2 protein chains.
Amino acid sequence: MAADLPVSPLAPDRFPDLPEIAGVRFAAGAAGVRYAGRDDVMLAVLAPGTAVAGVFTRSATRSAPVLDCQSKIGGDNSGAAAILVNSGNANAFTGRHGLASVAAITGAVSDVTGVPQARVFTASTGVIGEPLPHDRILARLADLNDALAADAVESAARAIMTTDTFPKGASQQVEIGGKTVTIAGFAKGSGMIAPDMATMLVYIFTDAAAEQTYLQRLLGNLTKRSFNCITVDSDTSTSDSLMLCATGASGVDVTGHADFEQALRTVMLDLAHQVVRDGEGATKFVTIAVTGAANDGDAKTHAMAIANSPLVKTAIAGEDPNWGRVVMAIGKSGAAADRDLLSIRFGDILVAEQGWVSPDYREEDAAAHMRGDEVQITVDLGLGDGSATVWTCDLTHAYIDINADYRS
Amino acid sequence: MAADLPVSPLAPDRFPDLPEIAGVRFAAGAAGVRYAGRDDVMLAVLAPGTAVAGVFTRSATRSAPVLDCQSKIGGDNSGAAAILVNSGNANAFTGRHGLASVAAITGAVSDVTGVPQARVFTASTGVIGEPLPHDRILARLADLNDALAADAVESAARAIMTTDTFPKGASQQVEIGGKTVTIAGFAKGSGMIAPDMATMLVYIFTDAAAEQTYLQRLLGNLTKRSFNCITVDSDTSTSDSLMLCATGASGVDVTGHADFEQALRTVMLDLAHQVVRDGEGATKFVTIAVTGAANDGDAKTHAMAIANSPLVKTAIAGEDPNWGRVVMAIGKSGAAADRDLLSIRFGDILVAEQGWVSPDYREEDAAAHMRGDEVQITVDLGLGDGSATVWTCDLTHAYIDINADYRS
C-alpha cells in the first residue's frame, strides 16, 4: 500500500506549482474503493469543444475502461468532456461485470455533470481481477461535481496514486503569436511499468486550440520517445492510458507549431522521468543511451535489453560498474552488434572499446560514478547512425518487498 | 562466490551415482584461476572415433571458447577428442587475448594428451571481460592427464561450478537389440540463465554409436524442448555450451532409434530442471504450461512472458496466488490471446475462466498450493492446439544479494 512506503530517494523536493488551464476544473474525493483514509477518485470536467486525444496500452488483456476510452477517442468534439479516475481497483479481467461498471460510471457522471456520456472517459488503477465496487464511486459524484475547481490539480494527482510514493506533475508555457499557451499534466505509475504504446495513467491539459486529429498524431509520435522509452520492471500494464485535452481557451491554434510540440515533449518527458524516479524500490535513476546502431529500432532493442536485464539492474543497485553484464545484454538482445566494435562508457568514463577493456580504464573511477543517484550508461555499436535513449531504475530488495507481500 | 551460498532448498539429496561410459575419462584439479581452495578445471578425454555434437549460445557477444568450438564441431571424427573447462573466468569480451588463450590451451592439451588440436574443445565460465590467466591452467595439464579415470565424473561436475550450490548429474540406460546403451551427463548453471539455442555448460556422454550429423540434428531438436524452455532471470549467457559425445563403445548404432532419443531427452530435461532448481535465490520450482494457443510458438511466447515477469516471480516468492499478474503477462507478450477465452489454474485449482474469476474459486485453496516447493501454473487460451511448457523459479531477496554484491 502506498501509505506504508517511504518516499523515493529520487523524488523531487515537492509537487510543482502547476498553472491553471482555462476550461479545466478538478475535484478529488474519498470513495473507499480499496484504500482507507485517503482520496481515491478524481473528476476532471473540460469546457465544450475541448479536443481529446489518447494513447492506450496494446496489452491483449487491456481493461474495460481502456476499451471504452478507445471507442470514444476521435468522436464528436462539440460538447463538454469529463474524465473520472479511481485508484485501488483496475477493473481489469473482470469480464462483463467490468463493462457494466464502466457503463454505470459514465452514465452517472453524465447525469451529474451534464457532459454527454460519449465524452465521459474513465480509468481505473489498482488490483486486477476483482469486481469494481462502483456504487461507492457513484455515491461521491454529486460532491465531486460541487467541488470542481481550476486550482485542485494536486489533489487530483494524489487521488490516482497506488504504489506511487509521490504525485507527479509538470508544466510548460510558450509564447505563440504574442499569446501564452499553457500545458500542464500529471501522472501516476511506479510498478508494472514497461509501456507499449502508452503508459500508466497520464493526463495533460492545455488551453491551446488544435484539431483532434493533429493532437492524436502528435501525441502518438511524442509517446514513442518519452513514455515508450521508460521501464521499471519490463511488465506492461493492462490499464496504461495517456490523454491530452486541448480546451482552446487561449485562442491560439497550435497545429503544426514546433514550439508547442517541443513544450509538450518537455512535459511528457518530465512526467515519464518522474515515473522512473518513483519506480518500485528505485535508488538510482539510470539513463541508457545507445548510438552507432544499424538503425533506431536496433538501438532501442539494445537499450531496452540493458534496461530490463535483472543482472544489470542488480549490479547498479550494488554500485558495481559491471560492464560485462552490459556486454551480455547487448549480446542477447537479438539486434545487430559486433563485439569487436563496441565501446561502453559509465558517465564520462570510457570503460571498454574495440572488444575489450580500455587500457586507461580504472575501476575506481567507474565505481565513483556508480555511487551517485544518477547513472549514465552509453554504448556505441560502431555500425551505423541509429540511436535511442531509454530510462530505468535499479532493482533492489525494496522491489521484492513491495511485490512479494501478499496481494500488494 | 559459490562457497558462501547455502545449498538451494530445491536441491536433490545428493549427486546421483552416474554409470561409467566406456571410452570417457575425467580428471579435475585446482588451477587457482579465480577461486581458492577448490577445483576449477576439468579435463575429459574421449576415445578415438567419438562423434561430438554441440549446440551453443546465439549471443552476438559470445565468448572466444564458444567461437572456437563452433568452428570445430562437424569436423573429422577419427581421432580421440578432449574437453577442457575452467570456472572463475569466462574468457568473454577479451578480444584477441581471448582467442590467444584458447589457442594456448588447446595446443597444450593436444601436446599432453596426444589428442589432435582440432578435436580439443574448451569452455570457460565466470566473470566476463577479464583476461584468462591461462598459464595457471597449462601448469596443471600434466597432472590432469595422469589422473584421468572413468569414475571421476562427480569431481568433474564440481570443478565447473560458479554460483551453483550443487553439482548436477543425470543418466539413463536403454536396451537396444539386446545390448545396453548408457547416457550420462552433467551441467552447471544458476544465474544468467535464459538459454537461446543452447545453455550454460552441459556435457553428455554415451557409449552409443551414431553419425555426427544425426547426433547434431537430434541435439538441436531436443534442446528446443529442454534447455531452451528454462529461464532463471531472462539473461542469456555469452558462454552457453551443450555438447554430446558418443564413443560408440557399446557397439550399438542408435541412429533414428526412438528409445535412445527418449532416454537422451530424459537426461537433458533432468539436467535442465536441476539448473532451475539451483536458480540464484530460488525457493520454488515453477512449471508453466500453456495450451490452446494459436500455435506452439505463441504458446512458448506466452509461457516465457509469464516465466520472466518480475511481478509474477515476486508474487510466487510471496506465496501469493496473484493470477492478475498472469493475465498481465499474457497481455504484454505480443502473442495472440482473447481475454474472454482465458482459463488459468494454479495446481489443480481452477482460478479463472471466460475472462473472470471462477465462481467456485476460493483463494485459500490456491494459497495452499503456493506454499509448496513446486508451483504449477496452467493457462489455456482457448484459441487452437498450440502448447508449450517452460520451467522457472521465483525471484527472491537472495537473487539480489547474490547479484548486487560487488562483482559477484
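The values are calculated or read from the model by the stated rules, or taken from the named source; none is laboratory data. All of these numbers come straight from a predicted model, not from anything done at the bench. Neighbour counts are summed over all protein chains in view; Cβ atoms, including those assigned to glycine, are modelled from backbone coordinates with ideal geometry. The accessibility values were calculated without ligands, DNA or RNA, using every heavy atom of the protein model including side chains. Shrake-Rupley method; radii C 1.70, N 1.55, O 1.52, S 1.80 Å.
May I ask for the distance between the Cα centers of the stretch B:195-261 and the stretch A:75-123, given as a whole number of Å?
56
Counting pairwise Cα distances across the stretch A:128-240, what percent come out greater than 25 angstrom? Kindly include the intermediate steps, with their values, before the conclusion.
Working: 2295 of 6328 pairs.
Result for the distance tail: 36 percent.
Taking 0.36 nm per intervening residue step and subtracting the Cα-Cα distance, what contour gain separates B:D135 from B:Q70 on full extension? Mind showing how you got there, number by number?
Working: separation 65, 0.36 × 65 = 23.40 nm, distance 2.37 nm.
Between B:D135 and B:Q70, full extension yields 21.0 nm more.
Take A:D111, A:D39, A:D233 and sort them by solvent-accessible surface of the protein heavy atoms, 1.4 Å probe, largest at the top. Kindly include the intermediate steps, with their values, before the conclusion.
Numbers: A:D111 130, A:D39 60, A:D233 10 Å².
Solvent-accessible surface, decreasing: A:D111, A:D39, A:D233.
Let me confirm one metric for peptide B:91-100, namely the mean number of other chain beta-carbon atoms within 10 Å of its residues' beta-carbons.
Working: counts 0, 5, 15, 4, 8, 4, 3, 3, 0, 0.
Whole-number average of other-chain Cβ neighbours for B:91-100 is 4.
Determine the residues within the stretch B:346-364 where the difference in accessible area between the chain on its own and the full set of protein chains amounts to at least 30 Å²; count protein heavy atoms only and use a 1.4 Å probe.
The answer is B:G355, B:W356, B:E363 - residues whose exposure falls by at least 30 Å² when every protein chain is included.
Could you compute the FRET efficiency for A:H397 and B:D17, with r as their C-beta to C-beta distance and R0 at 41 Å, rounded to 0.05? Intermediate values should be presented prior to the final figure.
Details: r = 40 Å, r/R0 = 0.98.
For R0 = 41 Å, the calculated efficiency reads 0.55.
Sorted by average packing, counted as other Cβ atoms within 10 angstrom per residue and highest first, what order do A:243-251, B:181-189 take? If you can, show how the numbers build up before the last one.
Values: A:243-251: 22.2, B:181-189: 26.3.
Highest-to-lowest ranking by the protection proxy: B:181-189, A:243-251.
Counting partner chain Cβ atoms within 10 Å of every residue's Cβ in B:54-60, what's the average? Please list the in-between numbers first.
On the way: counts 0, 0, 0, 2, 3, 10, 14.
Mean shielding by partner chains, rounded to a whole number: 4.
Tell me whether the stretch A:13-70 comes out rounded, prolate or oblate; compute the Cα gyration tensor, take square roots of the eigenvalues as a ≥ b ≥ c, and use a/c under 1.5 as the rounded threshold. Don't jump to the answer; show the numbers that get you there.
Details: a/c = 1.74, a/b = 1.09, b/c = 1.59.
It is oblate, given that a/c is not under 1.5 and a/b is not larger than b/c.
Taking every eigenvalue of the Cα gyration tensor of the stretch B:307-358, multiplying by 5 and rooting it, what semi-axes result, largest first, whole Å? Provide the component values of the computation, followed by the final result.
Values: eigenvalues 63, 47, 11 Å².
The equivalent ellipsoid of the stretch B:307-358 has semi-axes of 18, 15, 7 Å.
How many angstrom separate the Cα center of the stretch A:313-333 from the Cα center of the stretch B:1-65?
If you average the Cα positions of each part, the centres end up 25 Å apart.
About its Cα centre, what dipole magnitude does chain B give when the only charges are +1 on Lys and Arg Cβ and -1 on Asp and Glu Cβ, stated in debye to the nearest 20?
Numbers: 30 positive and 48 negative charges, 216 e Å.
Dipole size: approximately 1040 debye.
Over the protein assembly as shown, what is the percentage of antiparallel beta bridges among all DSSP beta bridges, to the nearest 5? Working shown, then result.
Details: 102 of 149 bridges.
Just about 70 percent of them are antiparallel.
Of B:F26, B:T238, B:L218, whose Cα points farthest to the positive end of the dipole of the stretch B:2-277 (charges on the beta-carbon: +1 Lys, Arg; -1 Asp, Glu; origin at the Cα centre)?
B:T238
Between the stretch B:277-312 and the stretch B:339-408, how far is it from one alpha carbon centroid to the other, in angstrom?
The stretch B:277-312 and the stretch B:339-408 have Cα centres spaced 8 Å from each other.
Run the dipole for the protein assembly as shown about the Cα centre, Lys and Arg Cβ at +1, Asp and Glu Cβ at -1, nothing else charged, and hand back the magnitude in debye, nearest 20.
Working: 60 positive and 96 negative charges, 161 e Å.
Result for the protein assembly as shown is approximately 780 debye, rounded to the nearest 20.
Cross-link candidates for A:K179: which aspartates and glutamates have Cα within less than 19 Å, leaving aside residues fewer than 8 places away along the same chain?
Straight-line reach from A:K179, under 19 Å: A:E20, A:D207, A:E211, A:D253, A:D259, A:E261.
For the protein assembly as shown, rounded, prolate or oblate, judged on the Cα gyration tensor with a ≥ b ≥ c (square roots of eigenvalues), a/c < 1.5 rounded, else prolate if a/b > b/c? Please list the in-between numbers first.
Values: a/c = 2.57, a/b = 1.87, b/c = 1.37.
Cα axes put the protein assembly as shown in the prolate bin.
Please report, in debye to the nearest 20, how large the charge dipole of the stretch B:285-404 is about its Cα centre when each Lys and Arg carries +1 at its beta carbon and each Asp and Glu carries -1 there.
Values: 8 positive and 18 negative charges, 77 e Å.
The dipole of the stretch B:285-404 has a size of about 380 debye.
Under the Karplus relation 6.51 cos²θ - 1.76 cosθ + 1.60, θ = phi - 60°, what is the ordered set of whole-Hz ³J(HN,Hα) values for the stretch B:31-48, x standing for Gly and Pro?
9, x, 4, 8, 8, 9, x, 7, 5, 9, 9, 9, 10, 10, 10, 10, 4, x
Taking 51 Å as R0, compute the FRET efficiency from the Cβ-Cβ separation of A:K179 and A:L99 and round it to 0.05. Show your work: numbers first, answer last.
Working: r = 43 Å, r/R0 = 0.84.
Plugging the Cβ-Cβ distance into 1/(1 + (r/R0)^6) gives 0.75.
For chain B, what is the relative contact order in percent, using Cα pairs closer than 8 Å and at least 6 residues apart in sequence? Don't jump to the answer; show the numbers that get you there.
Values: 1038 pairs, mean separation 72.4, N = 408.
Over chain B, the number comes to 18 percent.
At the nearest 100 Å², what buried accessible area, both sides summed, do you get for B and A when the probe is 1.4 Å?
Details: alone 16230 and 16230 Å², together 27250 Å².
Chains B and A together bury roughly 5200 Å² of accessible area.
Tell me which residues come under 5 Å, amide H to amide H, from A:A152 once H is placed; ignore anything under 5 positions away on its chain.
Under 5 Å from the amide H of A:A152: A:F26.
Net charge near B:T113: determine it from the other residues with C-beta under 14 Å of the C-beta of B:T113, scoring Lys and Arg +1 and Asp and Glu -1. Walk me through the numbers before you get to the answer.
Numbers: positive: B:R25, B:R119, B:R140; negative: B:D111, B:D143, B:D146.
Around B:T113, the surrounding residues sum to 0.
Pop out the carbon and sulfur fraction of the accessible area of chain B as a percent, whole number, probe 1.4 Å.
Working: 6440 of 13630 Å².
The value for chain B is 47 percent carbon and sulfur by accessible area.
Tell me, what is the per residue accessible area of the protein assembly as shown in Å², probe radius 1.4 Å? Could you put the intermediate results ahead of the total?
Working: 27250 Å² over 816 residues.
I get 33 Å² per residue for this part.
Give me the one-decimal nm value for the distance between modelled label points at A:D348 and B:R217, 7 Å along each residue's Cα-to-Cβ direction.
Going by the 7 Å Cα→Cβ label model, 6.0 nm.
Within chain A, which DSSP H helices have Cα atoms that stretch 24 Å or more along the helix axis and a mean Kyte-Doolittle hydropathy of at least -0.5?
Working: long enough: A:95-113 (28 Å, 0.67); A:258-277 (28 Å, 0.18).
Sorted by number, the helices that extend far enough and score high enough are A:95-113, A:258-277.
Only bridges whose two residues both fall in chain A count here: according to DSSP, what percent of them are antiparallel, nearest 5? Present the calculation step by step, with values, prior to reporting the outcome.
Details: 51 of 74 bridges.
For chain A, the DSSP antiparallel bridge percentage is about 70.
Nearest 0.05, what FRET efficiency do A:A118 and B:R371 give at R0 = 45 Å with Cβ-Cβ as r?
Details: r = 49 Å, r/R0 = 1.08.
Calculated transfer efficiency: 0.40.
Using only the Cα atoms of the stretch B:2-277, build the gyration tensor, take square roots of its eigenvalues as a ≥ b ≥ c, and label the shape rounded, prolate or oblate: rounded if a/c is under 1.5, else prolate if a/b is larger than b/c, else oblate. Please list the in-between numbers first.
On the way: a/c = 1.41, a/b = 1.19, b/c = 1.19.
It comes out rounded by the Cα gyration axes.
Taking just the alpha carbons, could you work out the radius of gyration and Dmax for the stretch A:291-408, both in angstroms?
14.8, 50
Summing -39500 (n - 2.57) over the DSSP H runs of n ≥ 4 in chain B and dividing by its residue number, what mean residue ellipticity at 222 nm do you reach, to the nearest 500 deg cm²/dmol? Don't skip to the end; give the middle numbers.
Values: 12 runs with 127 residues, N = 408.
Computed ellipticity for chain B at 222 nm equals -9500 deg cm²/dmol.
Would you grab the residues whose amide H sits under 5 Å from the one on B:D207? Only those 5+ places off in sequence or on another chain, please, with H modelled 1.01 Å from N.
B:T182, B:T247
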